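Nothing in this text is a laboratory measurement; each read-out follows from the coordinates by a stated rule. The structure presented is a predicted model; accordingly, all values stated were derived computationally and were not measured. Here Cβ is always computed from backbone atoms with ideal geometry, including for glycine, and neighbour counts include all displayed protein chains.
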Amino acid sequence: MNRPMSKIPFAMFLASIALTSMAAQSRKLDTTQIDELTGLKGKLNEQEGVYKVSSPRIDLKISVDKWQMPPFMGLTSWAAFMPGMKDGAMVMGDLVLMQDEVNPVLSAALDNGLQVTALHNHFFFDEPKVYFMHIGGEGDTATLAKGVRAALDTVKKIRAANPQPAQSFTSSGIPAKSSLSTEPLQEALGAKGETKDGMFKAVFGRTIKMPCGCEAGKEMGINTWAAFAGTEDNAVVDGDFVVLAEELQLALKSLRKSGINIVAIHHHMIGEEPRMIFFHYWGRGPAKGLASAVKTALQTTKTMAAPPK
């Protein structure tokens with residue numbers, strides 16, 4: 001005989017959520033501390049309990065579609081703080097960055113208690129090229145505020161050294177003709193790959209389910225890949241990682257520690273299970289070292305490599 005489900009446990013669950021929410025709302029942020037630690041003067045939205053600091057990009061003249069764009073129109077870095085449910089505070093923000101600022105700022109954010117959750121463009125035909133890095137985090141207010149300050153100070157340091165954004169990652173060129181040996185790369189990656197004109201590419205697949213119930217895998221684009229060109233001592237690697245949300249920060253940290261540049265973080269699908277994030281990367285250096293860096297980052301994820309033959 002089926003018994004009716006008790007409404008008491010559910011009511012208690014709802015009550016606990018309400019109490020937790022009220023407790024978070026009753027906490028107040030130390031806005032003076034946020035101002036001091038970020039070096040910015042913020043504004044409080046009392047209705048939402050959010051304190052927001054902003055830093056417009058007034059240090060550069062940025063044009064979009066041949067129009068010099070005022071910072072008010074979307075060229076302002078910001079970070080918004082609110083009381084946390086578990087920790088002292090939560091922060092979310094968006095940083096306006098030039099191409100040569102992105103990876104130093106990404107490392108500064110990751111090394112100072114913040115998460116990096118997206119990296120993309122907002123415009124076409126922008127000069128100089130502008131990228132937007134979304135950040136987040138939960139923890140004590142001071143740690144989060146210091147993380148925001150570290151990211152913004154990194155921008156200032158780069159622009160003080162070079163007022164105009166750089167036009168490339170390095171001054172050295174990539175060889176026009178590739179002549180890479182396959183075996184060392186396969187050994188470093190722990191996977192076989194394909195070759196073409198002295199280049200090498202390896203692909204590592206994962207599996208998801210789409211809303212239709214269809215299972216999609218490597219050939220449908222659910223893959224991490226790494227493509228290498230150049231010579232043994234002067235090579236380039238570019239590619240794409242597919243990661244679970246909980247794998248993203250570790251994989252980003254691993255590649256940055258190896259000197260690999262991150263160039264985009266976004267999603268490719270909607271409604272997939274489990275939810276997957278993709279990020280694109282670009283690195284320069286000795287070929288085998290680049291392959292080892294990719295393998296080390298792969299080991300922070302659940303992606304499995306097929307053994308080389």
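On alpha carbon coordinates alone, what is the Rg over Rh value for the range 74-228, Rh being the Kirkwood radius?
Values: Rg = 20.3 Å, Rh = 19.0 Å.
Across the range 74-228, the Cα-based Rg/Rh ratio is 1.07.
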Contact order relative to length of the range 206-309, as percent, for alpha carbon pairs under 8 angstrom and 6 or more apart
31
Of the listed peptides 172-179, 283-290, what is their order by residue-averaged count of other C-beta atoms within 10 Å, with the highest listed first?
283-290, 172-179
HN-Hα couplings for the range 280-293 via Karplus (6.51, -1.76, 1.60; θ = phi - 60°), in whole Hz with x for Gly/Pro, come out as 9, 9, 8, x, 10, x, x, 4, 5, x, 5, 5, 5, 5
In the range 28-76, which GluC sites (Glu not before Pro) fall in coil by DSSP and have 15 or fewer other Cβ atoms within 10 Å?
E46, E48
Residue with peak Gaussian network fluctuation, the chain [Cα springs, cutoff 10 Å], from S181, S168, S54:
S168
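Calculate the dipole size of the range 26-161 relative to its Cα centre from +1 charges on Lys and Arg beta carbons and -1 charges on Asp and Glu beta carbons; express the result in debye to the nearest 20. Don't skip to the answer; put the middle values down first.
Numbers: 15 positive and 17 negative charges, 45 e Å.
Computed charge dipole of the range 26-161: roughly 220 debye.
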List, in the order given, every pair from K66/K218; K157/K257; K156/K257; K129/K302 whose Cα-Cα distance in the structure shown is over 30 Å.
K66/K218; K129/K302
Cβ-Cβ cut-off under 14 Å around G213, Lys and Arg +1, Asp and Glu -1: the net charge is -2
Could you give the distance between the Cα centres of the range 36-72 and the range 77-120, to the whole Å?
14
Please enumerate, by chain and number, the aspartates and glutamates with C-alpha under 13 Å from the C-alpha of K28, excluding those fewer than 8 residues away in the same chain.
E46, E48, D87, D140
The range 87-128: radius of gyration over Cα atoms, expressed as a fraction of 2.2 N^0.38 Å
1.37
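With only alpha-carbon atoms in the gyration tensor, what are the semi-axes of the equivalent ellipsoid for the chain, in Å, largest first?
Details: eigenvalues 283, 183, 54 Å².
That gives 38, 30, 16 Å for the three semi-axes.
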Residue-averaged 222 nm ellipticity for the chain, from DSSP H runs of 4+ at -39500 (n - 2.57), nearest 500
-9500 deg cm²/dmol
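Counting only other residues whose beta carbon sits under 14 Å from that of S63, what net charge do I get with K and R as +1, D and E as -1? Could the numbers behind the result be given before it?
Working: positive: R57, K61, K66, K129; negative: D65, D126, E127.
The answer is +1.
Loop-only trypsin sites (Lys or Arg not before Pro) in the range 37-126, please: DSSP not H, G, I, E or B, and at most 10 other Cβ atoms within 10 Å.
Working: sites: K41, K43, K52, R57, K61, K66, K86; in loops: K41, R57, K61, K66, K86.
Within the range 37-126, the qualifying trypsin sites (Lys or Arg not before Pro) (loop, at most 10 other Cβ atoms within 10 Å) are K41, K61, K66, K86.
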Summing +1 for each Lys or Arg and -1 for each Asp or Glu, what net charge is found among the other residues whose Cβ lies under 14 Å from the Cβ of I158?
0
